[in-house]
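Enquirer: Supplied in structure tokens, the structure appears directly below.
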Amino acid sequence: MKDDVSRLVKLAAEAAKEAPEHLQEAAFNKAFDALMAGGQNPSLPTRQTPASRKNAHKKGTAILKGEEQDSLDQLDRTAHADINHKDRSLNNSLRLLLAAKEDLGVDGLSAAQITRILVDKFRCRISRQAVSMALNGAGNYVNRHKEGALVIFQIMAPGEEYLAGVGKKPAEKSTTTGERSPKKKTKKSVRKAEESKKTSSPRKVGSFAAVTQLHAEDFFSSPRTIGDIIKHLKEQYGRTYKSNEISPALLRDLRAEKLTRARNAENQYEYKKA
């Protein structure tokens, strides 16, 4: 089976070389799809039609096959609820690259792989062209390298920092124009402001400060997953974080050798004090 797939990959790569460089990835995918659909090898699974793909979703049948499917199927969809069809193609693609890297140790995916996972696992309405355009225009958020005719995208530190800031509200703009003098504060308005301060919820602490606080309480004396960290911060401090907000802080401490990490039996990273 592996030899059969390798043979089709080589045939598709040879065909893609005839196309201009900027179209080689699309040419490779079309050639490979055509070879699969044409039944070049009876031992290979036939490509699914839109109707069969729809039925496969209803039955819960996986669309991807082989080791790639087995590995990527381990992604916990509930742990990455920020990947959804309402967000931008760039945000979803970057989040998926980070999730594959952090949760599975898969450092790099092609536009076609990203699209399949977003569509099949996360039910996002997105095309390969949209993913490719978003990542090719992402600047230093991603690294790009070729593996044959395929372009592989890897998330970089600026991309992780960008994700950590996604969703933050911009600073409020002043409505004062200078033409009118501000209203004088009355005793009643001052009293209302003080009451509002007492009842308002505290400002959310940044993820870097939150992780530093966990170091201070020796939380990492035992191995902890990202899920453990998020759960602890919510239960003990009433603060809600997403995995993409916590990851940059953990990576910072890994590089500073404050933390080490290793995979557990569920193939998830566990972080421990170095």
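The values are calculated or read from the model by the stated rules, or taken from the named source; none is laboratory data. Note that the coordinates shown come from a computational prediction; the quantities given were computed from them, not determined experimentally. Quick reminder, even Gly has a Cβ in these numbers, built from the backbone with ideal geometry, and neighbours come from all protein chains shown.
Enquirer: Starting from residues that are part of a strand (DSSP E or B) and of a type in the set (D, E, K, R), keep the ones in the stretch 125-154 and report whichever is farthest from Asn29 (Cα to Cα). Step through it out loud before you land on a result.
Expert: Pass one, the stretch 125-154, residues part of a strand (DSSP E or B): 142-147, 150-154.
If we keep only those that are of a type in the set (D, E, K, R) as well, we get 144, 146-147.
Working: Arg144: 18, Lys146: 14, Glu147: 13 Å.
Among residues in the stretch 125-154 that are part of a strand (DSSP E or B) and of a type in the set (D, E, K, R), the one farthest from Asn29 (Cα to Cα) is Arg144.
Enquirer: Filtering the stretch 1-27 down to residues that are farther than 22 Å from Leu135 by Cα and charged (D, E, K, R), which residue is modelled with the highest pLDDT?
Expert: Taking the candidates together, the pick is Glu14.
Enquirer: Can you work out which of the residues in the stretch 221-253 that are among the β-branched types (Val, Ile, Thr) and either touching a Lys or Arg at 6+ places or on another chain (Cβ under 9 Å) or over 20 Å from Asn92 (Cα atoms) (or both) is surrounded by the most Cβ atoms within 10 Å (Cβ to Cβ)? Outline the logic, then answer.
Expert: Going through the stretch 221-253, the residues among the β-branched types (Val, Ile, Thr) turn out to be 225-226, 229-230, 240, 246.
From what's left, either touching a Lys or Arg at 6+ places or on another chain (Cβ under 9 Å) or over 20 Å from Asn92 (Cα atoms) (or both): 225, 229-230, 240.
Values: Thr225: 18, Ile229: 22, Ile230: 19, Thr240: 10.
By that ranking, first place goes to Ile229.
Enquirer: Might you check whether a residue that is more than 26 Å from Ala81 (Cβ to Cβ), modelled with pLDDT of 65 or more and loosely packed, with under 10 Cβ neighbours inside 10 Å occurs anywhere in the stretch 203-217?
Expert: Residues of the stretch 203-217 more than 26 Å from Ala81 (Cβ to Cβ): 215-217.
The next check asks that each one be modelled with pLDDT of 65 or more; those that pass are 215-217.
Subsequent filtering for residues that are loosely packed, with under 10 Cβ neighbours inside 10 Å retains 216.
Yes: the stretch 203-217 contains one or more residues that are more than 26 Å from Ala81 (Cβ to Cβ), modelled with pLDDT of 65 or more and loosely packed, with under 10 Cβ neighbours inside 10 Å.
Enquirer: So, one more: So, of the residues in the stretch 100-116 that are aliphatic (A, V, I, L, M), in a helix (DSSP H, G or I) and at pLDDT below 90, which turns out to be surrounded by the fewest Cβ atoms within 10 Å (Cβ to Cβ)?
Expert: As a first pass, look at the stretch 100-116 and keep what is aliphatic (A, V, I, L, M): 100, 104, 106, 109, 111-112, 114.
In the following step, the residues that additionally are in a helix (DSSP H, G or I) were identified as 100, 104, 111-112, 114.
Okay, now just the ones that are also at pLDDT below 90, so 100, 104.
Details: Ala100: 23, Leu104: 17.
Among them, the one singled out is Leu104.
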